[in-house]
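Structure, as structure tokens:
The values are calculated or read from the model by the stated rules, or taken from the named source; none is laboratory data. Nothing here was measured: the structure is a model prediction, and the numbers come from that model. Cβ placement follows ideal geometry from the backbone for every residue including glycine, while neighbour counts extend to all protein chains displayed. Side chains included, ligands, DNA and RNA excluded: accessible areas come from the protein's heavy atoms. Shrake-Rupley method; radii C 1.70, N 1.55, O 1.52, S 1.80 Å.
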Amino acid sequence: MKKKIIFFIVILISILIIIMIKNNQSLKKETSNSLDLGVPIQVENVEFGNLTKSIHYTGLMESKSTVNISSKITAEIKDIYVNEGDRVEQGSLIAKLDDSKLIANKKTLESKLKTLQINSSYLSQEVSDYYTSSSAIYSLEKLESEITYLNDQKMKMKALLDAGAIPKNTYDELEQKSLSMDIQKNELKSTIDNNYESLENQKNMLNSQIEELKTMIDEIDMTIKDTEIRAPLSGNIRVINYEKGDLAIGTKPFVTIDDRNEMKVLVSVSEKDLSNIKENGKVKLGIIGRGLNLDAQITKISSYMNSKTKMTDVEININQEEILDELIIGSTVDVEFVIEESENSPLISKESLVKQTDATYVYTVKDGLVTKKQVEIGIEVKDKVAILNGIETGEKIAIKNLKNLYDGAKVYIYQGEDKE
């Protein structure tokens, strides 16, 4: 009986051993089949794209040119035609000062001028006609005629005197009368010339007074013009410092106008970032509240740094005429300083890179095999890197389990494009 039991046990053990051997062979076969699939990997496609390495700040929209306008005269404000925030064009009337006293003074001077001009006209005619219409000229002509007649008589009397026909005292009387008439003639001519000179002087004095009055009237006209305060440029009224009825004086600006023909964004940049930006560097602006995105350039970097904050002002001009009217002075602007950018380059994930001492590599995947390729990398932004040389768009690259890969290794894709 015992022998039967032992025999039965041996047979049972033999059967169990055979089963275990078969199971072990099956397991080895399955393991072998699994290893034949290759290294499990995840892949991604290489695609073209743009990468931008940048620094972000917040700036303020400002006018590139702000003008304070002051009154040129001291006078009461009669009217103000604008409000703060209004848009004005160059030459627009902003305010009017009281000019009533100036106008009254001008009328008085104009009345005086008219009187002087009438007198000047009369004198000018008198001077012009003096040597043809003066009574003194008539007297001079009569005297000269008498002198001519007397000189003829003298010649005749001289002949009689020489012939002894008349006494000498008769000739001497005639000679004395001739000398007396010559003296009268000279005195009369002197009087005539003096009178003419006097008239000429009077005329010149009147003309000087007329010119002086004209100058005074022109000055009043300029002052009256100055009672109109006009915009010297197109822009927006930021501040009005007066009200109607106030006394405007030149030492206090009347209004402040922001020139909208040129706008700028002002940004304070920290000392640590200043080395990464430069004049004419590219900037991307996001106009908050307007939905505008603009490309611009750095136009000025201040040479002054605040010793306490360690910040430097950077200026960015905006010259796109078509959007200037949409910009709000004092509004916030998102400023992206572009440090480096890559356009239309192959882009891959950073985790796909295999960085070794000699170079940087990636594993490209094709037909279940990987190829180790050396690549030249460009800028890196977040989890992406631009490739300058080594791979092309459309290729597949491994991004997981890279430590188990080698050139020519067999792989199977468990995640990513063309998952197997």
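Here are the numbers:
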| quantity | calculated |
| --- | --- |
| Every residue from segment 205-227 that is in contact (Cβ under 8 Å) with a residue 60 or more places away in the chain, open to solvent by 70 Å² or more (accessible area, probe 1.4 Å) and of a type in the set (D, E, K, R) | Lys214 |
| Matching residues, segment 383-406, being without any contact (Cβ under 8 Å) to a residue 40 or more places away in the chain and open to solvent by 70 Å² or more (accessible area, probe 1.4 Å) | Asp383, Asn389, Lys403, Tyr406 |
| Options Gln202, Gln184, Gln176: the member that is open to solvent by 60 Å² or more (accessible area, probe 1.4 Å), under 60 Å from the mean Cα position of the chain (by Cα) and at negative phi | Gln202 |
| Top-ranked residue of segment 310-331 - restricted to ones that are touching a helix residue (DSSP H, G or I) at 6+ places or on another chain (Cβ under 9 Å) and over 19 Å from Gly289 (Cα atoms), ranked as most open to solvent (accessible area, probe 1.4 Å) | Lys310 |
| Residue in segment 294-312 that is outside any strand (DSSP E or B), hydrophobic (A, V, I, L, M, F, W, C) and within 19 Å of the chain's Cα centre (by Cα) present | no |
| Criterion: surrounded by 16 or more Cβ atoms within 10 Å (Cβ to Cβ), in a strand (DSSP E or B) and in contact with a Lys or Arg (Cβ under 9 Å, 6 or more places away or on another chain) - qualifying residue of Glu340, Glu336, Glu380 | Glu336 |
| Subset tally (residues that are without any contact (Cβ under 8 Å) to a residue 40 or more places away in the chain, in a strand (DSSP E or B) and either of a type outside the set (A, V, I, L, M, F, W, C) or buried (at least 16 other Cβ atoms within 10 Å of the Cβ) (or both)) for segment 279-293 | 1 |
| In segment 360-386, the residues that are closer than 12 Å to Ile348 by Cα and touching an Asp or Glu at 6+ places or on another chain (Cβ under 7 Å) | Thr364, Ile379 |
| Residues (polar (S, T, N, Q) and either open to solvent by 70 Å² or more (accessible area, probe 1.4 Å) or over 44 Å from the mean Cα position of the chain (by Cα) (or both)) located in segment 97-106 | Asn105 |
| Test for Thr371: is it open to solvent by 60 Å² or more (accessible area, probe 1.4 Å) and under 57 Å from the mean Cα position of the chain (by Cα) | no |
| Test: residue in segment 107-114 that is hydroxyl-bearing (Ser, Thr, Tyr), open to solvent by 80 Å² or more (accessible area, probe 1.4 Å) and more than 30 Å from Ile237 (Cα to Cα) | no |
| Top-ranked residue of segment 68-92 - restricted to ones that are in contact with a helix residue (DSSP H, G or I) (Cβ under 9 Å, 6 or more places away or on another chain) and in a loop (DSSP other than H, G, I, E, B), ranked as farthest from Leu266 (Cα to Cα) | Ile73 |
| Any chance Tyr242 is touching a Phe, Trp or Tyr at 6+ places or on another chain (Cβ under 8 Å) and open to solvent by 60 Å² or more (accessible area, probe 1.4 Å) | no |
| Residue, surrounded by the fewest Cβ atoms within 10 Å (Cβ to Cβ), within segment 77-96, restricted to residues that are within 28 Å of Asp221 (Cα to Cα) and of a type in the set (D, E, K, R) | Glu89 |
| Candidates Ser139, Ser65, Ser128 - the one that is assigned to a helix (DSSP H, G or I) and either open to solvent by less than 80 Å² (accessible area, probe 1.4 Å) or of a type in the set (A, V, I, L, M) (or both) | Ser139 |
| Any hit, segment 157-165, residues being of a type outside the set (D, E, K, R), within 60 Å of the chain's Cα centre (by Cα) and over 30 Å from Leu247 (Cβ atoms) | no |
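Quick grid of which residues meet (1) at pLDDT 90 or above; (2) among the aliphatic types (A, V, I, L, M); (3) over 30 Å from Lys400 (Cβ atoms); (4) surrounded by fewer than 16 Cβ atoms within 10 Å (Cβ to Cβ):
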site	(1), (2), (3), (4)
Lys4	no, no, yes, yes
Ile11	no, yes, yes, yes
Lys29	no, no, no, yes
Ser32	no, no, no, yes
Asp36	no, no, no, yes
Pro40	yes, no, no, yes
Gly49	no, no, no, yes
His56	yes, no, yes, yes
Ala75	yes, yes, yes, no
